[in-house]
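Remarks on the structure that follows.
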Amino acid sequence: MNANTATMTDSGIPPGKTGTWWFLASEIPVFGGLIASYIVVRLGSAGWGEASSHLNFTLALINTFLLLTSSMTVVMAHAASQENNYRSVANFLGLTVLLGLGFLGVKAVEYTTEIAHGFTPAAGIFWSFYYGMTGLHGLHVLAGIIVNIVLWIGALKGSLARHGHRVELAGLYWHFVDIVWLFLFPLLYLA
């Protein structure tokens, strides 16, 4: 019997999976509302192209690569947990954490550069949206990193054997964070 199936509820759904999906569903209106507001305000006013031209496309592209790669590593961690290979789970979760930290590091460089050039949230409505949306997204990345660190420690200690399904739940959250970025990237850097 797979250690992960031992944790199933009577319905056959791992504990927490329904709650995770409900949580993710509750996050959709938060980001959806911000994105919809951004689009409406952008369509109704001028000068946004000039403001967004100051963003660093190369750094955003690097961040996109980091997050997409981290999605792959979290999938590989989940696959390893299905095989009860917790050494590989630890390795892949460690990579996911490092890639997430890399994302935040690149975003910190980007913020520092923009602020040094006078592009603060008070510099205009575009910058208010930019910092609001990417800042909220960054907080979600940080939360995902913390969860993955906890799971990584569990994998190193071997305590995930009874709770391997938690890797899947963390993966669902991480994919949500990646999907949000896939909306933010073109809206802010390409439009």
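Given the -39500 (n - 2.57) contribution per DSSP H run of 4+ residues, what per-residue ellipticity at 222 nm results for the chain, rounded to the nearest 500 deg cm²/dmol?
That calculation yields -26500 deg cm²/dmol at 222 nm.
Can you give the FRET efficiency to the nearest 0.05 for L156 and L104, using r as the Cβ-Cβ distance and R₀ = 35 Å?
0.95
Near Y130, within a Cβ-to-Cβ distance under 15 Å, what is the net charge of the other residues, with Lys and Arg +1 and Asp and Glu -1?
Result for the local shell: -1.
Between the stretch 98-114 and the stretch 134-191, how far is it from one alpha carbon centroid to the other, in angstrom?
First find each Cα centre; the distance between them is then 16 Å.
Tell me the label-point distance for the pair S53, W21, using the 7 Å Cα-to-Cβ offset, in nm and rounded to one decimal.
Label at S53, label at W21, 4.7 nm between them.
What label, among (1) 29, 21, 16; (2) 21, 20, 16; (3) 36, 18, 11, belongs to semi-axes √(5λ) of the Cα gyration tensor in Å computed from the structure on display?
Structure-derived value, by its label: (3).
For the chain, what does the relative contact order come out to in percent, with C-alpha contacts under 8 Å and a separation of six or more?
Details: 184 pairs, mean separation 66.1, N = 191.
Rounded, it is 35 percent for the chain.
Read-outs throughout are calculated quantities, based only on the coordinates presented, and are distinct from any laboratory measurement. Since the structure is predicted, the reported quantities are computational estimates derived from the model, not experimental observations. Glycine also receives a Cβ, built like all others from the backbone with ideal geometry; neighbour counts cover every protein chain displayed.
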